[in-house]
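Enquirer: Dropping the structure in here first, questions after.
None of the figures in this text is laboratory data; all of them are computed from the coordinates on show. Here the structure is a predicted model, which is why all the values come from computation and not from measurement. Here Cβ is always computed from backbone atoms with ideal geometry, including for glycine, and neighbour counts include all displayed protein chains.
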């Protein structure tokens with residue numbers, strides 16, 4: 001067990017070197033992002049706000065985290081250094097941004113954004129510039145995750161009525177459905193092998 005602290009313990013993400021996890025915990029009262037050392041289980045608090053801070057994702061060099069925060073009223077994406085410095089808001093568009101994921105090449109961030117009353121997949125530069133919308137007019141599209149080579153994005157979508165897993169190029173072209181007949185499939189992750197994708201079927 002990594003954490004049995006009172007309250008929320010969710011959204012654990014392993015650091016690139018496998019020595020830490022980033023996790024949202026609320027044992028101090030408000031849901032904040034912490035860095036948890038896997039050897040000592042010591043927790044270092046990284047965020048401090050009146051909003052909810054969730055969905056942490058590591059940069060490939062392990063020096064920066066991106067996460068979602070509602071500190072301004074609407075959930076948007078922020079970045080922060082591992083020592084708690086250099087907090088920066090990255091997104092300003094839409095009503096809700098969620099599940100950010102950093103590309104292995106450190107040059108793009110993918111996320112789900114609520115615009116036009118629907119979730120779609122977007123990518124942007126690590127500093128929040130050059131936002132591109134990859135999906136549109138095809139149901140709700142969520143949970144983006146980069147392939148190990150950074151050339152593809154997997155995501156979940158209910159475009160056919162049931163939530164299934166899809167893959168596309170990072171420019172939004174050549175969308176292919178991957179799951180059939182498994183019920184709702186969500187939160188896809190690419191394994192270290194480029195040929196294996198994992199997902200949750202509630």
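Enquirer: Share of Cα-Cα pairs in the chain beyond 25 Å, in percent?
Expert: Tail of the P(r) past 25 Å holds 35 percent of the pairs.
Enquirer: So if I take the alpha carbon set of the stretch 85-202, get Rg, then get Rh from the Kirkwood formula, what is the Rg over Rh ratio? Mind showing how you got there, number by number?
Expert: On the way: Rg = 13.7 Å, Rh = 14.4 Å.
We get a ratio of 0.96 for the stretch 85-202.
Enquirer: Right, here's the next one. Sort the following peptides by mean Cβ neighbour count (other Cβ atoms within 10 Å, averaged over residues), highest first: 84-97, 116-129, 140-153.
Expert: Ranked from most to least packed, the peptides come out as 140-153, 116-129, 84-97.
Enquirer: Where the convex hull is taken over the Cα atoms of the stretch 70-140, what is its projected area averaged over directions, in nm²?
Expert: Details: hull surface 20.5 nm².
In nm², the orientation-averaged hull projection of the stretch 70-140 is 5.1.
Enquirer: May I ask you to derive the relative contact order of the chain, considering only C-alpha pairs under 8 Å and at least 6 residues apart, and to give it as an integer percent? Walk me through the numbers before you get to the answer.
Expert: On the way: 535 pairs, mean separation 20.0, N = 202.
Relative CO of the chain lands at 10 percent.
Enquirer: Can I ask one more? Can you give me the C-alpha center-to-center distance between the stretch 36-57 and the stretch 126-202, rounded to a whole angstrom?
Expert: The two parts, judged by their Cα centres, are 26 Å apart.
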